[in-house]
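**Student:** Could you have a look at this structure, given as structure tokens, before my questions?
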Amino acid sequence: METDAETAAHNLRDHIKQSKFQPTIHEIVKPNEEVIFKRRKQLAIQQEKENEDRMRLAVPPPWKTLGITKSEYEDQIIAEMALGKGNE
């Protein structure tokens, strides 16, 4: 079976703490909950940072750029379309 070094090291340390007998291959290569939790936590932190970066770089909606509410912006667009300005 294959496993990564971090998982094997954690499993070996856990086995040494719990048993005086030699570990089996299965005990060394089995999934380790601490390692899985740590990796999921790191992934969540990374995804949160990427989301923050994405939000920071995002272009604001046009009504925010104009300093008006969304409703006011929609009314403005409708009025411009009624006057034929939206088809230029």
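The values are calculated or read from the model by the stated rules, or taken from the named source; none is laboratory data. Not measured: the values here are computed from a predicted model. With ligands, DNA and RNA removed, areas are computed over all heavy atoms of the protein, side chains included. Shrake-Rupley method; radii C 1.70, N 1.55, O 1.52, S 1.80 Å.
**Student:** Expressed as a whole percentage, what fraction of the accessible surface of the chain belongs to carbon and sulfur atoms when a 1.4 Å probe is rolled over the protein heavy atoms?
**Tutor:** Roughly 57 percent of what the probe reaches on the chain is carbon or sulfur.
**Student:** Average the reciprocal distances over every distinct pair of alpha-carbons in the chain, invert the result, and give the Kirkwood radius in Å.
**Tutor:** On the way: mean 1/r = 0.0544 Å⁻¹.
Every distinct Cα pair counted, the radius reaches 18.4 Å.
**Student:** Can you spot the lysines whose alpha carbon is less than 23 Å from Lys64's alpha carbon? Ignore those fewer than 8 places along the same chain.
**Tutor:** Answer for Lys64, where 23 Å is the Cα cut-off: Lys85, listed by chain and number.
**Student:** Just the accessible area per residue of the chain, please: how many Å² with a 1.4 Å probe?
**Tutor:** 89 Å²
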